[in-house]
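What follows draws every value from the coordinates through simple rules; no lab data is involved. Computed from a predicted structure; not experimentally measured. Cβ: placed from backbone, ideal geometry, glycine included. Neighbour counts: every protein chain shown.
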Amino acid sequence: MAAEPLGDVLDASDRRQVGTSGKISLTLKIRRYNPELREDAWWDEFTVSMEPTDRLLDALHEVKWHQDGTLALRRSCAHGICGSDAIMVDGQNRLACKVLVKDVAPKCTIEPIRGLPVLKDLIVDMEPFFDGYRSVLPYLINDEGEPDRERFQSPEQRHRYDDTTKCILCACCTTSCPIFWGDEEYIGPAAIVAAHRFIYDSRDEGAKDRLKILSEKTGVFRCRTTFNCTEACPRGIHVTQAIQEVKRSILFDRF
Ligand code: SF4
Ligand code: SF4
Ligand code: FES
């Protein structure tokens, strides 16, 4: 089958940006920070020529590999799975590998995610984020001993926590939360999602301990239900709904 011509997959506004080579120009305005050079952050601009269907991560690679090798960024899988390349793009948290160049051209602003200490350029210190994650006991707890065969679960029981199994710990939700920005004690939505995944797992016996942790002053009741986290999640997880379910369990299930 003949390949689909480029003109058929681009809309009119895309076609206006496409030059004769098929490539389009993208200017990246990037917030830089390097404590070894200076105390304050600054902005740099780079212009790259990319295919419209390249990813923003490809454009950042183009800058790093061909224009400024000192640009620091984190990434691994380049396919929306590892969660390591969360950045703020035009004010919204995104995974750089899931953003098409044609959707942000001709210019976009790139910053590190907020609420975590910046180490260099787009790289933040994720330890405070993972401290929150680790604090909710994000693993199966079951004291029955090792079974002879798999632990059975009905499709309905599995469905109960299906949504929160999709989390890739990218931190897009937690670092878009205004409560987290202003209060480093708040455990944050990603940790609550991780807890939710086990609290409602029929094979797990640790729900009581997790709900006790989440009922403390650093837990779910700091959430003000502003939905930023749900909008930011690149996996489409209903983050705020998960938080509400945990709140309800604490209030009404008498764990
Ligand atoms: S819903 Fe709660 S956790 Fe999510 S962004 Fe708003 S305050 Fe933060
Ligand atoms: S819930 Fe979504 S946004 Fe939050 S860490 Fe998991 S995948 Fe990322
Ligand atoms: S590089 Fe792994 S999710 Fe983007």
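List of remarks:
- Most fluctuating residue given options 66, 79, 196, as computed from a GNM of the chain linking Cα atoms under 10 Å: 66
- Beyond 20 Å in Cα-Cα separation lie the following of the pairs 64/120; 29/120; 64/166; 29/64; 98/120; 120/166: 64/166; 98/120; 120/166.
- Overall shape: oblate for region 153-255, with the ratio a/c of the largest to smallest alpha carbon gyration tensor axis at 1.5 or above and b/c at least equal to a/b.
- Summarising the label geometry, the points placed 7 Å from Cα in the beta-carbon direction at residue 65 and residue 248 lie 4.9 nm from one another.
- Among the GluC sites (Glu not before Pro) within region 14-108, those in coil by DSSP and having at most 13 neighbouring Cβ atoms inside 10 Å are 36, 39.
- Against the main long axis of the alpha-carbon atoms of the chain, helix 239-252 sits at an angle near 10°.
- For 160, 248, 210, 235, order by how many other beta-carbon atoms lie within 10 Å, fewest first: 248, 160, 235, 210
- Extension gain, residue 38-residue 130: 0.36 nm per intervening residue step, less the Cα-Cα distance, totals 30.3 nm.
- Helical content of the chain, expressed as a calculated mean residue ellipticity at 222 nm, amounts to -8500 deg cm²/dmol (DSSP H runs of 4 or more residues, -39,500 (n - 2.57) each, divided by residue number, nearest 500).
- Calculated FRET efficiency for the pair residue 165/residue 103, C-beta based, R₀ 35 Å, to 0.05: 0.80
- On Cα atoms only, tilt of 189-199 relative to the major axis of the chain in degrees: 40 degrees
- Between the residues 71, 28, 82, the greatest Cα displacement towards the positive end of the dipole of the chain, with unit charges on the Cβ of Lys, Arg, Asp and Glu, is found for 28.
- Helix 56-66 axis, angle to the chain major axis (alpha carbon atoms, nearest 10°): 60 degrees
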